[in-house]
Amino acid sequence: MTKNLTWQNKVAIVTGGSSGIGKATALELAALGAKVLISGRNADRLAETASNYDTIAVLQADSADHESAKRIVEAATDQWGRLDLIVNNSGAGQPLPMAAYDAQTIANMSAVNIVAPSLLVQAGHAALSESKGAIVNIGTAAAQNAVPMVAHYAATKSALEHLTKSWAMELAGDGIRVNAIAPGPVKSGALTGMMGLPDEMAQQIEAQEAAQVPLGRRGVTSDIVPWILRLGSSDNAWLTGQVLTVDGGWSLRS
């Protein structure tokens, strides 16, 4: 059987690459022969992820920092001379009932979920044009339904889905494809990490969400990563502007 060389010596950037879906994506890309730059805020977790492959490089960076986009792209292109894929995986969100609305919290979600991907795509545009590369944005299936308590998280991710389609049109002339994955409830550590929930509350929510999924369980990262790679692969050269929901049917509930 001929070895699949799709990702051999390709270069990818994965933001939020030290945990959850981002980490799993980076590891799979490296396993398939890609060179991967991962970014994130936690230096220890970045180093632990990179220790698995010498083709994973790290850059400690906060996506909310508007200067991080150029630093991330330069780190990848300076080291490997090209860029084939950007996975906008970093996300910010937390439960926020109306009584607790706070301008800074809402602004931070917007900075990470909308502004950061926009600036990273801008910074990577020239390199992606050269390689005829791809962008895969990570949204959320929660954006497809009313979501009290996490409305701003879902709203900002919904905006990212709209950007996905707009960028697909704008960048098509440069040969750059732009698609998105909208994951449902996935066991990725997001509830205790990004959402900042206590373990007990996170476990309760996980059990509740699992009961709501028609296919009977929460997702795992291996349910999501293959689709990220498929959307990002040069093998799918005629697919752009799509948002693929991978959620076990969770978003179909009434």
Query raised in the report: Treating the beta-carbon of each Lys and Arg as +1 and of each Asp and Glu as -1, no other charges, what is the dipole magnitude of the chain about its Cα centre, to the nearest 20 debye?
Result: 500 debye
Report summary line: Once the dipole of the chain is set up from charges on Cβ (+1 Lys and Arg, -1 Asp and Glu), the residue from the list 14, 158, 250 lying farthest towards its positive end is 250
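If each residue of separation counts as 0.36 nm, what is the full-extension length gain between residue 103 and residue 237 once their alpha-carbon separation is subtracted?
Computed gain between residue 103 and residue 237 is 44.1 nm.
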Query - Charge dipole (the chain, unit charges on Cβ, about Cα centre) - positive-most of 76, 137, 168 - result: 168
Query raised in the report: Residues with beta-carbon under 13 Å from that of residue 242, excluding residue 242: net charge, scoring Lys, Arg +1 and Asp, Glu -1?
Result: +2
Report summary line: Stretched fully, the stretch from residue 129 through residue 70 gains (0.36 nm per residue minus C-alpha distance, one decimal, in nm) 19.6 nm
Query - Spin-label pair residue 222/residue 115, simplified geometry with 7 Å Cα→Cβ offset, distance in nm - result: 3.9 nm
Requested in this report: Enumerate the aspartates and glutamates that residue 23 could reach by cross-link, defined here as Cα to Cα under 12 Å, with residues fewer than 8 away along the same chain left out.
Outcome: 48
Query raised in the report: Once both labels are modelled 7 Å past Cα along the beta-carbon direction, what's the residue 60-residue 31 spacing in nm?
Result: 2.9 nm
**Report entry** All-pairs alpha carbon distance profile, the chain, 5 Å steps from 0, percent
**Finding:** 1, 7, 14, 19, 21, 17, 12, 7, 3, 1, 0, 0
Requested in this report: Taking the chain as the reference, fit the longest principal axis to its C-alpha atoms, fit the long axis of helix 68-80 to the helix C-alpha atoms, and give the angle between the two in degrees, 0 to 90, nearest 10.
Outcome: 40 degrees
Query raised in the report: If you average the sequence gap of Cα pairs under 8 Å that are 6 or more apart and divide by the length of the chain, what percent do you get for the contact order?
Result: 19 percent
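Throughout, read-outs are computed from the coordinates displayed, never taken from laboratory work. Predicted model only: the values in this text are computed from it and were never measured. Note that each Cβ is placed from the backbone with ideal geometry, even for glycine, and that neighbours are counted across all protein chains shown.
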